[in-house]
1. Quick one: putting +1 on the C-beta of Lys and Arg, -1 on the C-beta of Asp and Glu, what dipole do you get for region 19-90 around its Cα centre, in Debye to the nearest 20?
2. Going by amide H atoms built from the backbone, whose H comes under 5 Å of the H on GLY160, apart from near neighbours?
3. Along the charge dipole of region 5-133, Cβ charges K/R +1 and D/E -1, which of CYS107, VAL58, VAL86 sits furthest on the positive end?
4. If you keep only loop residues by DSSP, which trypsin sites (Lys or Arg not before Pro) in region 38-93 have at most 13 other Cβ atoms within 10 Å of their Cβ?
5. Using amide H atoms built 1.01 Å from N in the peptide plane, name the residues 5+ places from GLY74, or on other chains, whose amide H lies under 5 Å from its own.
6. When Lys and Arg each count +1 and Asp and Glu each count -1, what net charge do the other residues less than 12 Å away from PHE20, Cβ to Cβ, add up to?
7. Could you pull out which residues in region 114-145 have an amide N less than 13 Å from a spot 7 Å beyond the Cα of HIS69, following the Cα-Cβ vector?
8. Work out how much length GLU24 to ASP92 would gain on full extension: take 0.36 nm times their residue separation and subtract the Cα-Cα distance, in nm to one decimal.
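The values are calculated or read from the model by the stated rules, or taken from the named source; none is laboratory data. Not measured: the values here are computed from a predicted model. Counting neighbours? That spans all protein chains shown, and the Cβs are built from the backbone with ideal geometry, glycine included. Note: accessible area is taken over every heavy atom of the protein model, side chains too, but ligands, DNA and RNA are not part of it. Shrake-Rupley method; radii C 1.70, N 1.55, O 1.52, S 1.80 Å.
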Amino acid sequence: DTDFAERENLHFLTVDYPVFRDPELTRADRNLKMRRCAVEMHQRGGGYMFGVDQDDLVSNRIVQFVREHEHPFGYIMPVGFEGDAVSRVIWDLPGSKRIGPRFCQCCGTCAILRFSADDLPSSFEDTEPHTFDSFCSHHHIWEERSRDLGRPLAHLPFPGTIYVADPGMQMSAITGERG
């Protein structure tokens, strides 16, 4: 119930499977949702995909910047902010000693990826390999993977995300995996 949902260019996608609560299935849940978005993007002819983790916050400047600059492969975020959900303190990344040297190594909300329709699956049953499949997990290597595929990502020139540190909500903490 929001006026935001009435925008002409905003579409809500639904899925017909339950929300997975089991820690072992959280990555599968995320990948199914990403695939649902990818199939929809294929049907619309491709475009930019920006996967946002449920607990992260994003800059209100991203959409305008991407529309104005339209990099052919998309953008990676080498810098961003980290926020502590409990103390409500925010600090610059990559300055955090706890996380490491590059924002895109620690936060899944770190890339705006551009795909053509051919880069995307046409349906859930489409089992052919697609470029999209290379970006379904392991965000900490997306920049390198994109470069290896001949699709180098541009650096977003401003901090685009606040990575919210709340170990109770993060997939990496739930599954015990990184990226």
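1. Working: 10 positive and 11 negative charges, 59 e Å.
Here the size comes out at about 280 debye.
2. Under 5 Å from the amide H of GLY160: no residue qualifies.
3. Highest projection toward the positive end goes to VAL86.
4. Values: sites: ARG44, ARG61, ARG67, ARG88; in loops: ARG44, ARG61, ARG88.
Loop-located and lightly packed - ARG44, ARG61, ARG88.
5. Here ARG114, ALA154 satisfy the definition.
6. On the way: positive: ARG21, ARG27, ARG30, LYS33; negative: ASP22, GLU24, ASP29.
Charge balance in the 12 Å sphere: +1.
7. none
8. Details: separation 68, 0.36 × 68 = 24.48 nm, distance 3.16 nm.
Gain in length upon complete extension: 21.3 nm.
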